[in-house]
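To keep things clear, I will list the structure first and then write my remarks on it.
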Amino acid sequence: MSSLEDEFIACSRPILQRGQGGCSDRVLRFRYLSTFGIEPKVTVALWNAILESRLFTHDILKVHLLWTLMFLKVYSNIGILSNMADCDVKTYRDWTWKVILVIDSLYDTKVSLNSHLNVCFSLSH
């Protein structure tokens, strides 16, 4: 596991373990995939693609990408999601849509992103 994967898992702990205390690494990985829709290594590939993009703004944090993935995967009420993220609704909504727009801008680099994701998916199976 890469150090970036570890960083994303660490960023996800407050969301995934909210009110439940600790859990095993296996359970944490299951919750990660269930909540964000992709494995940590794929999250890292997406993060790297965002960093390389022309529209990347340095104020986007790893946790903002996780909020966005949660929004896209869970697609629940924004109040519930912001509560899970432990922030106010406006902050959650603003960052989620900011990151969605950056991800959308990656459409032009789809081939590059697909090659990153294909490598990650093949490694995970």
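Worth a mention:
- A Förster radius of 35 Å, combined with the Cβ-Cβ distance separating LEU61 from VAL27, puts the computed FRET efficiency at roughly 0.90.
- Ranked CYS23, CYS11, criterion: other C-beta atoms within 10 Å, fewest first: CYS23, CYS11
- Once the chain from SER105 to LEU4 is taken as fully extended at 0.36 nm per residue, the excess over their C-alpha distance is 34.1 nm.
Since every read-out is calculated from the coordinates, none of them should be taken as a lab result. Everything numeric here is computed off the predicted structure, so don't read it as measured data. Note: ideal-geometry Cβ built from the backbone for every residue, glycine included; neighbour counts use all protein chains shown.
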